[in-house]
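Working notes, beginning with the structure itself.
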């Protein structure tokens, strides 16, 4: 029995260490993939992450953590990549590692499960940085829609001791250098659609209750609640004609950060909807790369 356990552990470690080529064709040739790594020590498919390393070999790479969108109830760690192809290619070409993380859907686990998973995934990356050649002192977050909300919430609450946001109740060790928030909700008390009586609306499923019934919980889940002078810088990108997340959400977050003395910039993309290739345009990419170079290089 003891031999079987040893063989199982050896096999598991080998499986984690295996690399392959990313399936997505937009990653540059030679990009190294460590795929389907379980960051929670369980068997849940939603507790997996992928690590993409640049083909140029270095001792360590600054890390960008990719948090997908999907109304907290849809999609996986490959989501949003399909329309951000040039941005992803630029990350690798410029020498950044990417870790795309998955998290539990609200349909199976309401808030705070999602932020617990995100914190747990980044803590795993921090603790295993040497193994995957990651610079644990240079971590940025990028999130889209629901992922933008989670990236913002993770970045803003990182210097607070919100025990409910950590699966084991223990504050994580990692620090966030930069948050790139693409049209993420920031204040559930003012977001469009918070008045919905539909029990299956994204916000109701996330919170496990209507905002009107649980404004206290809506506040706890809102990134603006945690803004203070010690927060990391933010680049916020918002579509002018976003039909899902009203632009006022990004404007409000930017103003809260400004009032707290936190460096941030808000980009309103003209005529842009909730998501799509307009956010992968050259002017937006160049701004993203400039902020990354300033805070992660």
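The values are calculated or read from the model by the stated rules, or taken from the named source; none is laboratory data. Keep in mind that this is a model prediction, so the values were computed, not measured. As a convention, Cβ positions derive from the backbone with ideal geometry for all residues, glycine included, and neighbour counts pool all protein chains shown.
Quick notes on this structure:
- Of all residues in segment 37-57, those being surrounded by fewer than 15 Cβ atoms within 10 Å (Cβ to Cβ) and either under 18 Å from residue 148 (Cβ atoms) or free of Cβ contacts under 8 Å to residues at least 24 places away in the same chain (or both) number 4.
- Matching residues, segment 111-129, being in contact (Cβ under 8 Å) with a residue 60 or more places away in the chain and in contact with a strand residue (DSSP E or B) (Cβ under 8 Å, 6 or more places away or on another chain): 117, 121, 124, 125, 129
- Within segment 96-110, the set of residues being out of contact with any strand residue (DSSP E or B) (no Cβ under 6 Å at 6 or more places or on another chain) and buried (at least 16 other Cβ atoms within 10 Å of the Cβ) comprises 103, 104, 105, 106, 109, 110.
- Cross-chain or 6+ apart pairs with Cβ under 9 Å, segment 175-197 first and buried (at least 16 other Cβ atoms within 10 Å of the Cβ), then outside any loop (DSSP other than H, G, I, E, B) and at pLDDT below 95: none
- Within segment 36-52, being in contact with a helix residue (DSSP H, G or I) (Cβ under 6 Å, 6 or more places away or on another chain) and in a loop (DSSP other than H, G, I, E, B) holds for 39, 40.
Rundown of residues vs (1) crowded, with 18+ Cβ neighbours inside 10 Å; (2) out of contact with any strand residue (DSSP E or B) (no Cβ under 6 Å at 6 or more places or on another chain); (3) touching a residue at least 60 places away in the same chain (Cβ under 8 Å), yes/no style:
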{"residue": "59", "(1), (2), (3)": "no, yes, yes"}
{"residue": "62", "(1), (2), (3)": "yes, no, yes"}
{"residue": "65", "(1), (2), (3)": "yes, no, yes"}
{"residue": "75", "(1), (2), (3)": "yes, yes, no"}
{"residue": "86", "(1), (2), (3)": "no, yes, yes"}
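- The residues of segment 260-276 that are in contact with a helix residue (DSSP H, G or I) (Cβ under 7 Å, 6 or more places away or on another chain) and under 18 Å from residue 242 (Cα atoms), listed by number, are 266, 267, 269, 272.
- Candidates are the residues of segment 53-75 that are more than 15 Å from the chain's Cα centre (by Cα) and not in a loop (DSSP other than H, G, I, E, B); the one that is nearest to residue 92 (Cα to Cα) is 53.
- Candidates 169, 147, filtered to the one that is over 15 Å from residue 97 (Cα atoms) and surrounded by 24 or more Cβ atoms within 10 Å (Cβ to Cβ): 147
- Residue pairs whose Cβ atoms lie under 8 Å apart, sitting 6 or more positions apart in sequence or on different chains, and linking a residue in segment 249-262 that is touching a residue at least 40 places away in the same chain (Cβ under 8 Å) and at negative phi to a partner that is buried (at least 24 other Cβ atoms within 10 Å of the Cβ) and in a helix (DSSP H, G or I), are 253/152; 253/223.
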